[in-house]
Amino acid sequence: MKPLIAGNWKMNGSLAANEALVKAMLDGLGGQTAATDMALCVPAPYLSQLQSLLTGSTIAWGAQDLSSHEQGAYTGEVSATMLKDFACRYAIVGHSERRQYHGETDALVADKAKVALAHGITPIVCVGETLAEREAGQTEVVVKRQLAAVIHAVAHCTSEIVVAYEPVWAIGTGKTASPEQAQQVHAVLRAQLAAATQHPERVHILYGGSMNAANAASLLAQPDIDGGLIGGASLKAADFLQIVASSR
Ligand code: PGA
């Protein structure tokens, strides 16, 4: 399985900045055949722009969230069908910023993962503990509960999801989980997937949380770390490409 390096731009970007960033990434890749799967998850208004910039390239694109509803009176929401109109391959679901600031529950995140799969979009399901939960020794309980909800909802499609372990205390803080800390949790998640699907090895388990050009290689060298979900460092072409190079 090729590693997967996915950028999460969060609420950053502009038409001009995106074009410069994506062109710098494509120039840096220089048309080489990719040994690593790559994706950029961008704010919904820019999906059309990314579609034009990336069609025919080795970089896929995706959204950062989607509605659990199909259509209708849900002001502000974006449906899976709309994402498909822009050929989205991925949608992040259950990012900790959505769980924290938008009150997303395990059940809602599971519904979103299910809807994404039903529309041929690969959900990148984020799980992760807060600092308080880690300090209380709750890390495994929390991530397993978060993943269990999704496994229950998607059932036999479990091998089609992507999981991202993102310790909340490591996101945007510059504090990365050590490779050993991350591997420990990834192994727990892999074992949980193994109980739910015959092909746990097909599921990418990404690490996310202050992954950068300097620390990526040691994290990606861990046996159960199959790639990265990159926030801040995905806004700089050179850093993102260095992480991609570290994954080979
Ligand atoms: P970060 O964000 O790389 O800026 O820590 C990762 C994420 O939240 O997906």
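Overview of values
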| quantity | calculated |
| --- | --- |
| Of all residues in the range 198-248 being within 12 Å of the ligand (Cβ to nearest atom) and among the hydroxyl-bearing types (Ser, Thr, Tyr), the one that is surrounded by the fewest Cβ atoms within 10 Å (Cβ to Cβ) | Ser210 |
| All positions within the range 88-121 that are assigned to a helix (DSSP H, G or I), crowded, with 18+ Cβ neighbours inside 10 Å and touching a residue at least 60 places away in the same chain (Cβ under 8 Å) | Ser96, Glu97 |
| Any hit, the range 47-55, residues being at pLDDT below 95 and farther than 21 Å from Val109 by Cβ | no |
| Single residue of the range 150-184 satisfying the filter (more than 10 Å from the ligand (Cβ to nearest atom) and assigned to a loop (DSSP other than H, G, I, E, B)) that is modelled with the lowest pLDDT | Ala177 |
| Residues of the range 76-102 classified as of a type in the set (Gly, Ala, Ser), closer than 18 Å to Ala39 by Cβ and within 16 Å of the ligand (Cβ to nearest atom), total | 2 |
| Residue count for the range 48-91, restricted to those that are under 14 Å from Ala113 (Cβ atoms) and aliphatic (A, V, I, L, M) | 5 |
| Flag for Leu15 being under 19 Å from Lys236 (Cβ atoms) and not small (Gly, Ala, Ser) | yes |
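The values are calculated or read from the model by the stated rules, or taken from the named source; none is laboratory data. Here the structure is a predicted model, which is why all the values come from computation and not from measurement. Quick reminder, even Gly has a Cβ in these numbers, built from the backbone with ideal geometry, and neighbours come from all protein chains shown.
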